[in-house]
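The values are calculated or read from the model by the stated rules, or taken from the named source; none is laboratory data. Nothing here was measured: the structure is a model prediction, and the numbers come from that model. No Cβ is skipped: glycine too gets one built from the backbone with ideal geometry, and neighbour counts run over all protein chains shown. The protein model used for the area step is the full one, side chains on, heavy atoms only, and it has no ligands, DNA or RNA in it. Shrake-Rupley method; radii C 1.70, N 1.55, O 1.52, S 1.80 Å.
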Amino acid sequence: MPDTMDQKHADFLNDCVKVLGASHVMLGDDELAAPYRQDWTGYHSGTPLAIVRPKSTDEVAQIVALCHAFGVSIVPSSGRTGLCGGGVSLPDDKSLILSLERMNTIRNLDLDGRSMTLEAGVILQNAQECAAENDLVFPLTFGAQGSAMIGGALSTNAGGSNVVKYGTTRESCIGIEAVLPDGSIINALTGLRKDNTGYDLKNLLIGAEGTLGIITAAVFKLAAMPQARTTGFLSLAALADAPRVLNALQDRTGGAVEAFEYMPDVAIDVICHAFPNTKRPLEAPAKTGIFFEVGSNRKDDAQPGEEGETRLQDLVFATLAELMEDEVVVDAMIAQSEQQRIDLWTMRESILESITENGPAYFLDISLPLAVIHDFVAEMDVKMAELGFQPITVGHLGDGNLHYTLSAAKGKNWDELPLEAAKDYAFEVLSRLNGSFSAEHGIGQSKLDVMLKLKEPSQLDAMRLIKQALDPQNLMNPGKFIPV
Ligand SMILES: Cc1cc2nc3c(=O)[nH]c(=O)nc-3n(C[C@H](O)[C@H](O)[C@H](O)COP(=O)(O)OP(=O)(O)OC[C@H]3O[C@@H](n4cnc5c(N)ncnc54)[C@H](O)[C@@H]3O)c2cc1C
């Protein structure tokens, strides 16, 4: 250990090496530790005491017990794609980063029960591929799926593009294994669909952003693989019409909508600028553009009719024809091949990277009742333009979730724009319309101020009591999630 390190930390790290071996304990200022010092957005960074990479639940438990004994705080880390600064240590805190990336085993695939037991470090895409090989769906899809891991998805209760059909991460998880702040292990991996035997600790740990313990494994429900899919892009007359279009597609297809995503022309422009090979889905710009996918589990929906279209396509065409007659849908394209479908998905999933490349931006990750989303966007667009911002809004519209993003309007200097006034305005409108200031990305460090301002005090007090009961030394991801 370096000479400058105090005795407590040196003794602690020596004990970590005894548990994991020297090759899985790395000092926080090591050159190789750079990726662990900064979060994906680049806005949050800190130099931890060290990074440890256990391989088993037992090793996690031993390391957490050492932290408990030595009073060292812990930041759990999975795929490091979180967007709120939750997975890095605070600038002034010598925390231990505990990475789950070596715990990447798919422990069990239960085809009869249609479930899968996964360790916390399994990358979402690997879970999707394993399920697909067995004609099943692992129900989480979003842009970071090639890096994000089970532990991170559970701890942020991630959403994504197909929540409208499968729900958030929480709704798919039916069992959990975790290490509590004192090093004890909870093993609740039975995967039972029904189990009313006490407080629901699984749901307490999900969405807790590592403040109550470390998730080491989980059981997920799998869904049947759709037999037929129809994917396309729509231009609507107005955002206020979106619920009618969504519900019409749901009603005609038996609730088979898998994705219903808001992608106005301003977002498509930013994507085309960042990725010039992107093909615009429609010729005319769509002020209210919607990317959608419908996936039916019924075999007969995959049967081709006389014209060669599947029954599902016919249902979608018939729905859109009616909506066009009523001038609700202005223009539409339907993917005619798997490649066109993939191109649409690639376009959707490249938005965050495109906005990041576009210049400095502030991401509002909000949710609202569907009926008032157009009121929010209309009011905000006017006010933000007045303040000098160019909003770039996309979102999982089907579940009322918008990523309303502020960037500098043409000719404006980001550093001179009144960001705090813009945020205050947005949160006032949001409160008035009964929305949430964090729909799927969580709180981390970046939303603590809003959490303090907008979360009901009685709920914050209850959260503090739970935290105090399970983690009295405040060792688990301190300075995140719950405002002081
Ligand atoms: C391009 C892009 C697109 C994205 N799209 C979406 C989207 O559509 N929907 C969405 O919800 N999110 C999205 N995100 C955000 C991010 O991918 C998710 O929050 C994801 O769930 C984080 O997983 P991770 O493995 O990277 O977690 P990390 O970033 O490693 O950690 C996230 C938080 O969870 C804690 N944590 C990590 N592992 C554990 C564990 N095992 N036990 C306890 N706590 C733990 C960390 O301390 C941190 O607070 C996107 C991010 C990017 C970069």
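Exactly one residue out of Gly87, Gly82 is over 22 Å from Asp6 (Cβ atoms), within 16 Å of the ligand (Cβ to nearest atom) and in contact with a Lys or Arg (Cβ under 6 Å, 6 or more places away or on another chain), and it is Gly87.
Please find, among Asp200, Asp195, Asp182, the residue that is more than 7 Å from the ligand (Cβ to nearest atom), acidic (Asp, Glu) and either open to solvent by less than 50 Å² (accessible area, probe 1.4 Å) or touching a His at 6+ places or on another chain (Cβ under 9 Å) (or both).
None of the others qualify; the one that does is Asp182.
Taken across region 213-232, residues that are part of a helix (DSSP H, G or I) and open to solvent by 10 Å² or more (accessible area, probe 1.4 Å) do not occur at all.
Within the option set Lys467, Lys447, Lys412, being of a type in the set (Lys, Arg), open to solvent by 40 Å² or more (accessible area, probe 1.4 Å) and not assigned by TED's automatic domain parsing to the domain that holds Ala240 holds for one residue only, Lys412. Would region 253-261 turn up any residue that is in contact with a helix residue (DSSP H, G or I) (Cβ under 7 Å, 6 or more places away or on another chain), touching a residue at least 24 places away in the same chain (Cβ under 8 Å), open to solvent by 60 Å² or more (accessible area, probe 1.4 Å) and not in a strand (DSSP E or B)? No, the conditions are met nowhere in region 253-261. Being in a helix (DSSP H, G or I) and open to solvent by less than 40 Å² (accessible area, probe 1.4 Å) holds for only one residue in Lys423, Lys453, and it is Lys423.
Counting only strands (runs of 3 or more DSSP E) that sit wholly inside region 65-123, those with at least 3 residues that are open to solvent by less than 10 Å² (accessible area, probe 1.4 Å) are 74-77, 96-99.
For region 426-440, the candidate set comprises residues that are surrounded by fewer than 19 Cβ atoms within 10 Å (Cβ to Cβ) and of a type outside the set (A, V, I, L, M); within that set, the residue that is nearest to the ligand (Cβ to nearest atom) is Ser436.
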